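First up is the structure itself, then whatever we jot down about it.
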Amino acid sequence: MAARAAARCCCLALLALAAILPVQGIERIQLSIGDIRAPGLSVQGVELQFAAGSKGPELRIAHLALGERAWRGLHLSCPEADAAFPEIRCRGGEIRVGAKRLPLNIDFRFDPLTSAFDAVLRLSSGSTVDIHHDGGNLVEAALTRFEIGELSGDLAGFAAQVSPALAAELAQHAAKGTVDARLAWQQAGDADPHEKLQLQARLSGGSFSSPDGLQAAEGLALSLDLTARALAAGWDWQGRLAWEGGEAYLHPLYLQSGPVLQAEGRLNDDELVLRMATLELEGVDQFALTARIAREPPSLQDLTLSLAGGDLAILGPHWITPALAPALADRLRFAGHAGAGAEIRNGQLFSLDLVFDGAGLSLAGVDEGGEVRGRGLAFGPLSGHLPWSATAPTRASLQLEGGHWEALSLGAFDVDALLDGGQVAFGQIRIPLLDGALVLDGLALEHGAEGWRGQGGVVVEPLSMALLTQALGWPSMSGILSASMPGMRVSTGEISLDGALVVSVFDGYLQATGLRVSEPFGVASNLRADIEARHLDLAQLTDTFSFGSISGYVDADVKGLELAGWRPVAFDLRLASSPGSYRRRISQRAVQNIGALGGGGAIAALQRGVLSVFDTFGYRELGFHCVLANGICEMSGIAGRERPDGGFPIVRGGGIPALDVIGYNRRVDWQELVDRIQRVIENNVAPELH
Amino acid sequence: MPFFRIRSLLLAGSLALAASACVTINIYFPAAAAEKAADRIIDEVWQARENQSPQAAPAEQGAEQ
Amino acid sequence: MRWLTAGLLSWMMAFAVQAQGNLEIDTPAISALKASMKQRHAQLRPLYVSGAIGLAADGSVALRDASAVPLAQRGSVNALVAAENADRSALYREVARANQHPEWEADVRSTFAQRWIDRAPAGWWVQRGGTWVKK
C-alpha cells in the first residue's frame, strides 16, 4: 500500500517538475524535458503538449522507472480541458500505459506560473486520491476509502506492475479492507535541507486469510502514524502502529486487538532497522525490541527483545501453551511473573534469558478417558534465572519454594543446571518429601529430534511410612521407605529406573525393582515394577487393614505389576507363608474375609458348621496366587496342593482346631474383588457371601 | 584332533547362524498382524458414532469388553 | 549336526509363525489411549467432515484448512489436533512396546497411517503422495 501511494506521488511530482520550466504562451505549450534521476526513480523523455482548441493537454513519458519496475509509453490525455489564464485544467483525464488504459479518471488544475498543482484521481470503485502541490516543496496526497480488494480486482494489473510479489501475496491471502490515508511530502528546500514524509493511515474492516487459514485476520482496524526524514544514510523514521480492532490467528496463536507498537529506525536500500521499539501488550509491563531486517530478500537478520513484568497467568494460555505444548492446553496452568530477553544474530537464535519471579506451573492429572482429574503435578513459587547461549555453556539457577505431586507436598528445593546447546546437566536436586527427600543425582538430558532423552540416578532418602500413608489417605502403616536407583534412563515416553526401592514395613521388607514409567504425562501413564516382599508380619498387616486377625509371616512376589492411574491392572502375585517357625493362628473373621478372596465357595460350611464356635484356628501354611489380566484375577492357592475336585487350598489347617480354606472359583472379576475388600475394610463387617 | 576341530567349527558356525537368524527375526515386522491390530483399534476409536448417536456415546463406553 | 540345524529351523519357524499371528493390543495403556481417542473423536468428526483437518501420511492428524473453523476457535482446534497426535504417538509406541519390540514403532506408525487413510469414510481428506485428496 505504502509503496503504491508513494509511486503515485512520484508520478505527479514529475508532472509538477515539468511545469516548473518557463512557459511562453497559453495558445500552445510544448515542453520537453531530458532525464530526471533520483534514488529509486528515473524518468526519461517527458513531453507536455497543450494547444488551445485541440483535444486537450497531453503528457507523455517515454520511460519511467520506479525502483526495479519500469514502464514505457506513459500517456495522459484530457478529453475535457480548458486553459483559463493562468491555469490549465483537465477533467476526466485518462492515463494509458502503452495501449492499456488504467481504470481511473484524473481531474487536474495546473498553474504554470506558480507551478501549483491539484489533482483528483477517481477509481472506478469510488475511492479517490487527492493530490496537492503548492508549487514549492510540499506535495500532499489524501487517499479516501480505498479498497485493498481492488488490488486483486480492477487494479490487479497495475498492482502486478508495481510489485508482482506484493500483488501475488494480496491476491493469495484474499486481502480486504478500506484504507484512508494522508501523506505530506516536503522536499528538500532552503528552510530544511532534508526531505520529509508524514503519513497517517487507517485500515478498517481489514481481513486476510492464507489458503490454509493458518494466517488470517478479520475485522482488522489499524492506525498508523509515521514521520520520516531523508538523510544521506537513508530515511530516518518514527511511528506508531495501533491495533484497534479485530482478531487474528497466526498459527498457532490467536490474538486480539490491543497491542500498540511505537518504533523508530532507519530505512535504506538494503535494510530496515528498528533502532528502538516498544510494544504495549496485555499481560506485559514493558516490551522493547530492536531489529534489523534485510530487504532483498526480506529476512530477519538481528533482533533483540526484552520483556519485563510478564504476567504468566495471561501469557501462559495465550502465548506459551499454544506455541510450546498445545496438546496440554486444558491441563497446564501458569501463575506469577517472568521476564525474558532474547537475541537473534544473523537469523539464528543467539541467546535467551528467562527470569522467574514467583512463577507457578501446574499440570493437572487426567483419567483414562482423557478428562482432567486429580491434583497432578505442580511446582512453585519458582524464582531464578535461566540463561541460554548458542556459543557458550551457561548456568541456570532456580529456587522452588515447593510444589505437589498428586497428594504429596514437595518441600523447597534448588535446581542448578549447566546448559550447553541442546544439553542440560543438572546438579544434585534434592526435593524434600515428608521427612525424607527425593534426590536426583547427575541428571543429564539432551534434546534431539525425538524429544528429550538422558540419564541420571534417583535416591529416595528414608521417609516414614506413617507420614506417607497419612498423606495418601491410606490406612496407617509404620516403616521406612527408601530407594537407590542409580540407573535412571529417560527417553521419549518412558522413564526406567534400575535399582531398587525398598520399604521396610510390617517387620519385613518390600523391594521394588525394574521400575518403568511410560507416558508419564499422558492418558496412558503407566508404571511397571517387580515387587518382592519378605517376612511381612500378618498380625500388623491384617490389623492395619481391619481384615480380622492372622498371626504369622508371609512372603510375596509380584511379577509384572502394572499400575495405570495408580490402580493395578496387571500382575502375577504369589503369596506364601514365610519359612521358619512362628505362631500361626487365624481368626474366624479373617477366614471369612479370605473366603471372599476365594469367591466364597468354601465358606458356607464354616458358617453352618460346629467350627463357628471357635474364635481362632491354627494353620500350617497360607498360599495365594492371582494372575490379573484384562480385569480378571485368575486364582489358585497353595502351590502344589491342587485338589482333585478342582478346589485350591488357600489356608491349610494345622493344630487344634484346624481348618482348611478351599477356593473353587478360579476366575474372579478384579473390580468386584476390590470392591468387596473395600467393603470389608470400611464396614469392618463380614462380607456378603454368595 | 581334526575331528574335534571340525566339530567345534561346525558348532561355532551353527551358533553364528543361530545368532544371525535371531537378528533377522528381531527386525522382522509382522505387517499383516499389525494391519489387523490397527483395524481393530481404528474400529473402536471411530465406530462409536456409527452405531450410536454421538450424544449418547460417552456414557456407554466403559460397559463393553 | 543335522539334528541341531533342524531344531534351529523349527525354532525359527515357530518364532515366525508366532510373529505372524496377532499383535498384543489389549494392554491397559492401549485401552486408555483408545478410550481417550474415542472420546475426542466426537469433537474431531465434524472437523474431518468439514475438511478442517485430515489424515496425514505420517499417521497423524493435520490441520489442513483452518478456514473451515471460525477464527476464535482455530487455537482450540489446533490444541485438539496436538492432543490427538500426542495420543497417536503414544499409541504407536505402546503397540510396539506391548509386543516387546520398541524398535517397531516406525513400522507400527506407517501401518496405522495407511489404515487410517484407507478406512476413512468418503468426504474426509487424506494425504496421498504428499497432496491432500478428498475421499
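The values are calculated or read from the model by the stated rules, or taken from the named source; none is laboratory data. This structure is a prediction, so every number in the text was calculated from the model and none was measured. Please note: Cβ atoms are built from the backbone with ideal geometry, for glycine as well, and neighbour counts cover all protein chains shown.
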Within the stretch C:23-34, residues over 17 Å from residue C:116 (Cα atoms) and facing chain A (nearest Cβ under 7 Å) come out as C:26, C:28, C:29, C:32
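Yes/no matrix, rows are residues, columns are (1) closer than 22 Å to residue C:123 by Cα; (2) at pLDDT below 90; (3) assigned to a helix (DSSP H, G or I); (4) not aliphatic (A, V, I, L, M):
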{"site": "C:25", "(1), (2), (3), (4)": "no, no, no, no"}
{"site": "C:46", "(1), (2), (3), (4)": "yes, no, yes, yes"}
{"site": "C:79", "(1), (2), (3), (4)": "no, no, yes, no"}
{"site": "C:89", "(1), (2), (3), (4)": "no, no, yes, yes"}
Hey, can you tell me all the residues within the stretch A:139-173 that are surrounded by fewer than 16 Cβ atoms within 10 Å (Cβ to Cβ) and farther than 26 Å from residue A:96 by Cα? A:172
Can you tell me how many residues in the stretch A:153-190 are over 26 Å from residue A:219 (Cα atoms), at pLDDT 85 or above and among the polar types (S, T, N, Q)? 1
Quick one: which of A:203, A:255, A:166 is within 14 Å of chain C (Cβ to nearest Cβ) and either under 30 Å from residue A:314 (Cα atoms) or not in a strand (DSSP E or B) (or both)? A:255
Matching residues, the stretch A:518-535, being touching an Asp or Glu at 6+ places or on another chain (Cβ under 8 Å), part of a strand (DSSP E or B) and either in contact (Cβ under 8 Å) with a residue 40 or more places away in the chain or closer than 26 Å to residue A:376 by Cβ (or both): A:518, A:526, A:527, A:528, A:531, A:534, A:535
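Answer with yes or no whether residue A:418 is exposed (fewer than 15 other Cβ atoms within 10 Å of the Cβ), free of Cβ contacts under 8 Å to residues at least 60 places away in the same chain and not acidic (Asp, Glu). Even if it seems obvious, please write down each step before you answer.
Numbers: exposed (fewer than 15 other Cβ atoms within 10 Å of the Cβ): yes; free of Cβ contacts under 8 Å to residues at least 60 places away in the same chain: yes; not acidic (Asp, Glu): yes.
Criteria met by residue A:418.
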Applying the selection to the stretch A:321-339, what residues are within 14 Å of chain C (Cβ to nearest Cβ) and either in contact (Cβ under 8 Å) with a residue 60 or more places away in the chain or within 11 Å of residue A:283 (Cβ to Cβ) (or both)? A:322, A:323, A:326, A:328
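Conditions (1) among the acidic types (Asp, Glu); (2) at pLDDT 85 or above; (3) in contact with a Ser or Thr (Cβ under 8 Å, 6 or more places away or on another chain), marked per residue:
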| residue | (1), (2), (3) |
| --- | --- |
| A:629 | no, yes, no |
| A:641 | no, yes, no |
| A:677 | no, no, no |
| A:680 | no, no, yes |
Flag for residue A:237 being part of a strand (DSSP E or B), modelled with pLDDT of 95 or more and either away from chain C (no Cβ under 14 Å) or within 27 Å of residue A:291 (Cα to Cα) (or both): yes
Only unsatisfied item for residue A:112, checking (1) more than 59 Å from the chain's Cα centre (by Cα); (2) modelled with pLDDT of 80 or more, is (2)
Against the condition of a type outside the set (Lys, Arg) and on the phi > 0 side of the Ramachandran plot, how does residue A:508 come out, does it pass? no
Among C:93, C:64, the single one that is within 7 Å of chain A (Cβ to nearest Cβ), under 12 Å from the mean Cα position of the chain (by Cα) and among the charged types (D, E, K, R) is C:93
Would you list the strands (runs of 3 or more DSSP E) that sit entirely within the stretch A:426-482 and hold 1 or more residues that are at pLDDT 95 or above, among the charged types (D, E, K, R) and loosely packed, with under 15 Cβ neighbours inside 10 Å? none
Filtered residue count, the stretch C:65-88, keeping only those that are under 19 Å from residue B:35 (Cα atoms) and surrounded by fewer than 21 Cβ atoms within 10 Å (Cβ to Cβ): 0
Subset of the stretch A:510-524, residues closer than 17 Å to residue C:102 by Cα and within 10 Å of chain C (Cβ to nearest Cβ), comes to A:516, A:518, A:519, A:524
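For every residue, the table says whether it meets (1) surrounded by fewer than 18 Cβ atoms within 10 Å (Cβ to Cβ); (2) free of Cβ contacts under 8 Å to residues at least 24 places away in the same chain; (3) among the acidic types (Asp, Glu); (4) over 27 Å from residue C:86 (Cβ atoms).
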position: A:486; (1), (2), (3), (4): yes, no, no, yes
position: A:490; (1), (2), (3), (4): no, no, no, no
position: A:493; (1), (2), (3), (4): no, no, no, no
position: A:496; (1), (2), (3), (4): yes, yes, no, no
position: A:499; (1), (2), (3), (4): no, no, no, yes
position: A:502; (1), (2), (3), (4): no, yes, no, yes
position: A:508; (1), (2), (3), (4): no, no, no, yes
position: A:513; (1), (2), (3), (4): yes, yes, no, yes
position: A:516; (1), (2), (3), (4): yes, yes, no, no
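Could you run through the stretch C:96-120 and say how many residues are part of a loop (DSSP other than H, G, I, E, B) and without any contact (Cβ under 8 Å) to a residue 60 or more places away in the chain? Outline the logic, then answer.
Pass one, the stretch C:96-120, residues part of a loop (DSSP other than H, G, I, E, B): C:99-101, C:120.
Next, only the ones that are without any contact (Cβ under 8 Å) to a residue 60 or more places away in the chain stay: C:100-101.
Of the residues in the stretch C:96-120, 2 are part of a loop (DSSP other than H, G, I, E, B) and without any contact (Cβ under 8 Å) to a residue 60 or more places away in the chain.
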Residue that is farthest from residue A:329 (Cα to Cα), among those in the stretch C:69-84 that are more than 7 Å from chain A (Cβ to nearest Cβ) and in contact with a helix residue (DSSP H, G or I) (Cβ under 7 Å, 6 or more places away or on another chain): C:69
Among C:121, C:102, which is more than 8 Å from chain A (Cβ to nearest Cβ), more than 19 Å from residue B:46 (Cβ to Cβ) and surrounded by fewer than 21 Cβ atoms within 10 Å (Cβ to Cβ)? C:102
Taking residue A:397 as the residue in question, decide whether it is among the polar types (S, T, N, Q) and either within 14 Å of chain C (Cβ to nearest Cβ) or closer than 28 Å to residue A:304 by Cβ (or both). yes
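I need the full set of residues from the stretch A:567-612 which are among the charged types (D, E, K, R) and modelled with pLDDT under 80, in order please.
Pass one, the stretch A:567-612, residues among the charged types (D, E, K, R): A:567, A:572, A:574, A:583-585, A:589, A:608.
Passing the criteria: only A:608.
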Give, as residue ranges, the strands (runs of 3 or more DSSP E) completely inside the stretch A:66-111 that count at least 1 residues that are exposed (fewer than 13 other Cβ atoms within 10 Å of the Cβ) and in the same structural domain as residue A:48 (by TED's automatic domain parsing). A:69-77, A:80-82, A:100-110
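Can you go through A:558, A:554 and tell me which one is at pLDDT 95 or above, surrounded by 18 or more Cβ atoms within 10 Å (Cβ to Cβ), within 26 Å of residue C:30 (Cα to Cα) and away from every other protein chain (no Cβ under 14 Å)?
One residue alone meets the criteria, A:558.
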